[in-house]
Structure formats: C-alpha cells, structure tokens
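Enquirer: Encoded as structure tokens, here's the structure I'll be asking about.
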Amino acid sequence: MTNSQQQDAEESRQPHREVILHYHLFKNAGTSLDLILKQNFTAGWCEHEGPGPGWRAENVTEYLMQNPEIVVLSSHTALLPTPVLPNATVHPIIFVRHPIDRIRSIYEFERKQIAETDGARMAKETDIVGYIRWRLHRKGDRSIRNFQAYRLAFAAPDMRDGSRMTEQERVSVAIETLPFIGVVERFDKSLAKLQQLLKPVFPHIDFKPTNANVTQKAGKSLNDRLADLKDEIGADLYDDIVKTNELDLQIFEEVQRKSDTLG
C-alpha cells in the first residue's frame, strides 16, 4: 500500500468533520450572529484573524487542519473561496447589507470604539461628511466602496477559460455557488433559513434571534434611515456614494430576490 493509500485509509476511518466558517464582514450583523453561534457551539466556537487584512483561503485551510477541535470559525479577515479539507465539509456563512446604510453604521461605530486605527481617529475628529470624503479619497480603501463586492469576488478565480474575469463576474459566481448568503435587513428570516440548512448536520442547534453591537437608529425603516443620511450629508455626496457602491447595491437587491425565491 502506498503512502497516499495509507493516508486515504486513515482518513476513511475518521468521522467526517463538519465545520461552519463565518465570514464576518464589518458591520454586517456579525456580532449578533457570533453570539448565536457561540451559544450553540460553546467550546467549539473560535474567533481568529489572520496576519494582515486578508487571510488567504489556503492559510485558513491550514489553520483548520491544525485545530481539529474547531466546529465554528469566525473571522473578519478570512477570504473566500471556501476551504477544502480532507474528510470534511465546510459550511460558509456570509451576510450582506444595504451598502449606504452600512456607511452610517460604520461611522457611528468608529466614533465610539476605543481604538487607534485611522478610521476610529478620523471618525472622532470630523463629522460624517468629512469621514465619508476621507474614505472615498483614500487610495486603496474599499471600506465604503463596493466592499461587499470586493470580499465576495474572492470566491471565484481571476481567470476563466483564458480570460480575466471582472469583479462583477466573480461576484455573480459567488452568489450562484455559495450555499448561504444572509441579508442583514432580514436577519430573523435569514437566520431561520440558516438553521434549516444546518439542522440536518447539527440537529441540536437552536438559532434564537438577538441584536448585539447595534448602531442604527431603532424604530426607523431602511428608507427612513437613507432619507435621514441624504438630508445630513447633502444630495451631491449622497449621489457620490450611491455611484461608488453600484455593484454592492446590485448585490443587495439580487440576494434579496434570491432569498424571496427560496421562500
């Protein structure tokens, strides 16, 4: 028997591993979801960030293989595509949000957080107009510039059939192939669908809705919050952030439509 055959035989004797990987996008209800996951999986839940802003999929794979006790891994920096582990299934979870409403949430969070980051410092030093302009003109800063498209696009390779894929094409692949993409504005409904998806594998789970780390104005609809933001920052700057986030707005609408189709 070759070494490869021996390895395959050893893996076949081990129980199949099931792992949940939460791609925790900043200000996309990730804290609330992590609280729910931690309540359900306790010691099996783990939060870990890779070195630098992007934790490549191959390095995430290595980390999961080195830590077989992990059932749920949550990370702000983990990048798609979904890791492929021997004798294991990885269940990716990611939420999207209306990108313009997300900007308000980011600013309010950064104003309050105790941190020495450039964003936290700038949010405390200026109003939301100054903060938005700073982010938009900062080279390489995708924080409020089609951020969700940027992160989803990692699900697909740069090249396909010898041609370079656009970010929009790669995002389309992500939306079609990822088994679950939740919507922050429909958090409870998305949570119910996630439980339905995972229940056959984790029959003990009970995902009860919770709201943690919420910064948006309570009791106001999405349209009301967007109208308030437009009034506060002015129509010209509002139009700028809408144009800058056209792809994220398309993602938001498409994921909502897909969610409605699934029932």
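Enquirer: Classify region 73-178 as rounded, prolate or oblate from the Cα gyration tensor: take a ≥ b ≥ c as the square roots of its eigenvalues, call it rounded if a/c is under 1.5, otherwise prolate when a/b beats b/c and oblate if not.
Expert: Verdict is prolate for region 73-178.
Enquirer: Another question, if that's okay. To the nearest Å, what is the center-to-center distance of region 139-166 and region 173-189, using C-alpha atoms only?
Expert: That distance is 18 Å.
Enquirer: Further, regarding this structure: Ranked highest first by average number of other Cβ atoms within 10 Å, how do 186-193, 73-80 line up?
Expert: With the highest mean Cβ count within 10 Å placed first, the list reads 73-80, 186-193.
Enquirer: Could you work out the relative contact order of the chain? I mean the mean sequence separation of Cα pairs under 8 Å and 6+ apart, divided by the number of residues, in percent.
Expert: Normalised by residue count, the contact order of the chain is 23 percent.
Enquirer: Over the Cα atoms of region 117-263, each weighted equally, I'd like the Debye log10 I(q)/I(0) at q = 0.10, 0.13, 0.15 Å⁻¹, rounded to two decimals.
Expert: Each listed q corresponds, in turn, to -0.48, -0.80, -1.03.
Enquirer: Using the Karplus curve 6.51 cos²θ - 1.76 cosθ + 1.60 with θ = phi - 60°, what ³J(HN,Hα) values do you get for each residue of region 248-256, in whole Hz, with x for Gly and Pro?
Expert: These are the phi-based 3J(HN,Hα) values: 5, 5, 5, 4, 4, 5, 5, 5, 5 Hz.
Enquirer: Can you work out ³J(HN,Hα) from phi for every residue in region 130-135, in order, using Karplus 6.51 cos²θ - 1.76 cosθ + 1.60 and θ = phi - 60°, giving whole Hz and x for Gly and Pro?
Expert: x, 5, 4, 4, 4, 5
Enquirer: Sticking with this one: In square nanometres, what is one fourth of the surface area of the convex hull spanned by the alpha carbons of the chain?
Expert: So the mean shadow area of the Cα hull is 16.8 nm².
Enquirer: Same structure, new question: Just to confirm a number: summing +1 for Lys and Arg and -1 for Asp and Glu over residues other than Gln148 whose beta-carbon lies under 10 angstrom from that of Gln148, what do you get?
Expert: Local charge sum for Gln148: +3.
Enquirer: Could you please put Tyr150, Tyr63, Tyr23 in sequence from largest to smallest accessible area, using a 1.4 Å probe?
Expert: If we order Tyr150, Tyr63, Tyr23 from most to least accessible, we get Tyr150, Tyr63, Tyr23.
Enquirer: A follow-up question, please. Rank these residues by their accessible area, most exposed first, probe 1.4 Å: His22, His204.
Expert: Putting His22, His204 in descending order of accessible area: His204, His22.
Enquirer: Write down the percent of antiparallel bridges among all DSSP beta bridges whose residues are both part of the chain, to the nearest 5.
Expert: 10
Enquirer: In the full protein assembly as shown, how much of Thr166 is accessible to a 1.4 Å probe, in Å² to the nearest 10?
Expert: 70
Enquirer: Taking every pair of distinct Cα atoms and averaging 1/r, then inverting, what Kirkwood hydrodynamic radius in Å comes out for region 38-123?
Expert: 15.1
Enquirer: Taking θ as phi - 60°, what are the ³J(HN,Hα) couplings along region 91-102 by the Karplus curve (6.51, -1.76, 1.60), each to the nearest whole Hz, with x for Gly and Pro?
Expert: My calculation for region 91-102 gives 9, x, 10, 8, 10, 10, 8, 4, x, 6, 5, 4 Hz in order.
Enquirer: Relative to the longest principal axis of the chain, what angle (0 to 90°, nearest 10) does the C-alpha long axis of helix 30-41 take?
Expert: Tilt relative to the chain: about 30 degrees.
Enquirer: Something else: Could you give the angle, 0 to 90 degrees to the nearest 10, between helix 187-198's Cα long axis and the longest principal axis of the Cα atoms of the chain?
Expert: Rounded to the nearest ten degrees, it is 10.
Enquirer: So for each of 229-240, 104-115 I average, over its residues, the number of other beta carbons within 10 Å; can you give me the resulting order with the highest mean first?
Expert: Result, highest mean first: 104-115, 229-240.
Enquirer: Per residue, what volume in Å³ does the Cα convex hull of region 126-207 take up?
Expert: Each residue corresponds to 146 Å³ of Cα convex hull volume.
The values are calculated or read from the model by the stated rules, or taken from the named source; none is laboratory data. In this text, all values refer to a predicted model and were calculated from it rather than measured experimentally. Note that each Cβ is placed from the backbone with ideal geometry, even for glycine, and that neighbours are counted across all protein chains shown. Side chains are part of the model used for accessible areas, which takes the heavy atoms of the whole protein and leaves out ligands, DNA and RNA. Shrake-Rupley method; radii C 1.70, N 1.55, O 1.52, S 1.80 Å.
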